[in-house]
1. Take residue A:110 and decide whether it is crowded, with 18+ Cβ neighbours inside 10 Å, in contact (Cβ under 8 Å) with a residue 24 or more places away in the chain, assigned to a strand (DSSP E or B) and within 9 Å of chain B (Cβ to nearest Cβ).
2. Would you say residue B:37 is surrounded by 19 or more Cβ atoms within 10 Å (Cβ to Cβ) and either in contact with a Cys (Cβ under 7 Å, 6 or more places away or on another chain) or not small (Gly, Ala, Ser) (or both)?
3. Name the single residue that is nearest to the other protein chains (Cβ to nearest Cβ) among those in region B:1-22 being assigned to a loop (DSSP other than H, G, I, E, B) and surrounded by 14 or more Cβ atoms within 10 Å (Cβ to Cβ).
4. Considering region A:1-51 alone, what residues qualify as being buried (at least 16 other Cβ atoms within 10 Å of the Cβ), of a type in the set (Gly, Ala, Ser) and more than 18 Å from residue A:76 (Cβ to Cβ)?
5. So is residue B:64 in contact with a Lys or Arg (Cβ under 8 Å, 6 or more places away or on another chain) and either closer than 28 Å to residue A:106 by Cβ or surrounded by fewer than 21 Cβ atoms within 10 Å (Cβ to Cβ) (or both) or not?
6. Quick check: anything in region A:45-59 facing chain B (nearest Cβ under 10 Å), over 20 Å from residue A:27 (Cβ atoms) and at pLDDT below 95?
7. Right, residue B:25: buried (at least 20 other Cβ atoms within 10 Å of the Cβ) and more than 14 Å from residue A:100 (Cβ to Cβ) or not?
8. Quick one: count up the residues across region B:23-34 that are more than 8 Å from chain A (Cβ to nearest Cβ) and in a strand (DSSP E or B).
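The values are calculated or read from the model by the stated rules, or taken from the named source; none is laboratory data. These numbers come from a predicted model, not from an experiment. For neighbour counting, all protein chains shown are included, and Cβ atoms are generated from backbone atoms with ideal geometry for every residue, glycine included.
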Amino acid sequence: GDSVTQMEGPVTLSEEAFLTINCTYTATGYPSLFWYVQYPGEGLQLLLKATKADDKGSNKGFEATYRKETTSFHLEKGSVQVSDSAVYFCASFTGGGNKLTFGTGTQLKVEL
Amino acid sequence: NAGVTQTPKFQVLKTGQSMTLQCAQDMNHNSMYWYRQDPGMGLRLIYYSASEGTTDKGEVPNGYNVSRLNKREFSLRLESAAPSQTSVYFCASSEGGTVGNTIYFGEGSWLTVV
């Protein structure tokens with residue numbers, strides 16, 4: 001079945017540092033890929049998505065590129081802020097299963 | 001601006017008690033989902049409903065039942081709660097279909113079984 005693997009956290013960075021959170025997937029067919037963010041005590045919010053190979057999703061300074069050759073969808077941000085502290089989930093969607101498969105989540109802590 | 005609304009937000013149950021988590025969406029979505037979130041395990045799908053009138057098991061359905069009451073509402077029932085069901089539960093919805101439509105989540109229900 002489909003699976004998503006993302007780097008374990010917590011990841012602790014200083015404000016304005018560069019962020020990379022790795023995500024790789026296995027899937028039958030060609031999934032759509034997502035990054036969701038969860039702030040403390042809240043539900044998950046869509047951060048960005050990409051639906052086909054070489055697509056780049058971007059939002060709020062975050063970017064991720066759908067790399068079919070490496071089955072990856074790494075999340076990057078050039079300069080993180082304290083307000084970016086949250087848990088980030090990578091996910092894949094395969095239409096045949098009509099469901100989203102999540103990674104285990106990566107907690108990001110940004111300090112002043 | 002409600003989106004996906006789930007109730008209750010917090011609940012404490014004794015082992016063996018039953019309860020129903022309610023979920024409603026106002027986006028006219030076809031598909032609805034129930035996930036549970038546990039530390040270190042991400043979100044795992046319990047049940048989903050691809051469209052009104054259909055329900056299917058997800059990854060961890062044991063101990064749960066669901067009802068797709070109508071297009072808006074999708075409830076999750078614990079018939080005899082167990083401590084292993086202590087978790088945060090999220091309801092979600094999407095337009096469904098084969099395209100990677102965005103799935104929208106409720107704010108979560110924190111359930112503790114003692």
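1. no
2. yes
3. By that ranking, first place goes to B:3.
4. Listed by number, the residues that qualify are A:27, A:32, A:43.
5. For residue B:64, the condition - in contact with a Lys or Arg (Cβ under 8 Å, 6 or more places away or on another chain) and either closer than 28 Å to residue A:106 by Cβ or surrounded by fewer than 21 Cβ atoms within 10 Å (Cβ to Cβ) (or both) - is met.
6. Yes, because at least one residue in region A:45-59 is facing chain B (nearest Cβ under 10 Å), over 20 Å from residue A:27 (Cβ atoms) and at pLDDT below 95.
7. yes
8. Final tally of qualifying residues: 5.
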